[in-house]
Amino acid sequence: CKYLMDKIDLMLIMSVNPGFGGQKFIPAVLPKIAEARKLIDSSGRNIRLEVDGGVNAGNIAEIAKWGADTFVAGTAIFNTSNYQEAISEMKNAANHNRIS
């Protein structure tokens, strides 16, 4: 992957087994997020680190702490009655719990 760093602007880590929505986040990917963050930071490039799968208001802060800065959340938003509130809650949790 380090040989492609000058060719990408986004790195995606899947945190569920691809196939269908509503799956639970797999915590074993957290160290992979940290490893990807280190690789991105050491490259000196402006590359987003996105996590897709099982992201919700209850775990987004932890995922952000490990280095993710972009999140895909489907079920966590669309299974609520107030999309704006769900998104705001997730944004606040991610932004206030980021490790610099």
Got a sec? Charge dipole of the chain, +1 on Cβ for Lys and Arg, -1 for Asp and Glu; which of LEU4, GLY22, HIS96 is way out at the positive end?
-> LEU4
Once you wrap a convex hull around the alpha carbon atoms of region 51-100, what is its projected area averaged over all directions, in nm²?
-> 3.0 nm²
If every Lys and Arg gets +1 and every Asp and Glu gets -1 at its Cβ, then about the Cα centre region 1-43 yields a dipole, in debye to the nearest 20, of 140 debye
So how tilted is helix 83-96 from the main axis of the chain? Cα-based, degrees 0 to 90, rounded to 10.
-> 40 degrees
Descending Cα extents along the principal axes, the chain, whole Å | 44, 31, 22
Report the extension gain between LYS38 and VAL72 in nm, rounded to one decimal, defined as 0.36 nm multiplied by the number of residues separating them, less their alpha carbon distance.
-> 10.2 nm
Would you kindly state how much longer the chain becomes between LYS7 and THR80 on full extension, computed as 0.36 nm times their sequence separation minus their alpha carbon distance, in nm to one decimal?
-> 22.5 nm
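Hey, got the dipole for the chain? About the Cα centre, +1 on K and R Cβ, -1 on D and E Cβ, debye to the nearest 20? Could you put the intermediate results ahead of the total?
On the way: 11 positive and 10 negative charges, 55 e Å.
Using only the charged Cβ atoms, the result is roughly 260 debye.
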Could you list which residues have their amide H under 5 Å from that of LEU49, counting only those 5 or more apart in sequence or on another chain, with H placed in the peptide plane?
-> MET11, ASP69, THR70
Euclidean distance between Cα centres, region 1-44 to region 52-80, Å | 13 Å
Within the chain, longest stretch clear of exposed trypsin sites (Lys or Arg not before Pro) (DSSP loop, no more than 14 other Cβ within 10 Å) = 46-97
For the chain, set up a Gaussian network in which alpha carbons nearer than 10 Å are linked by springs, and say which option among SER81, SER15, SER43 fluctuates the most.
-> SER81
Order the following by accessible area, largest value first: ASP69, ASP6. Probe radius 1.4 Å; ligands, DNA and RNA are ignored.
-> ASP6, ASP69
Check cross-link reach from LYS2 to the lysines: straight Cα distance under 27 Å, and skip same-chain residues fewer than eight apart.
-> LYS32, LYS38, LYS65
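The values are calculated or read from the model by the stated rules, or taken from the named source; none is laboratory data. Keep in mind the model is a prediction, meaning the values are calculated, not measured. Because the Cβ atoms are built from the backbone with ideal geometry, glycine has one as well, and the counts that use them run over all protein chains shown. For the accessible areas, the whole protein counts, side chains as well, though only heavy atoms, and no ligand, DNA or RNA atoms are used. Shrake-Rupley method; radii C 1.70, N 1.55, O 1.52, S 1.80 Å.
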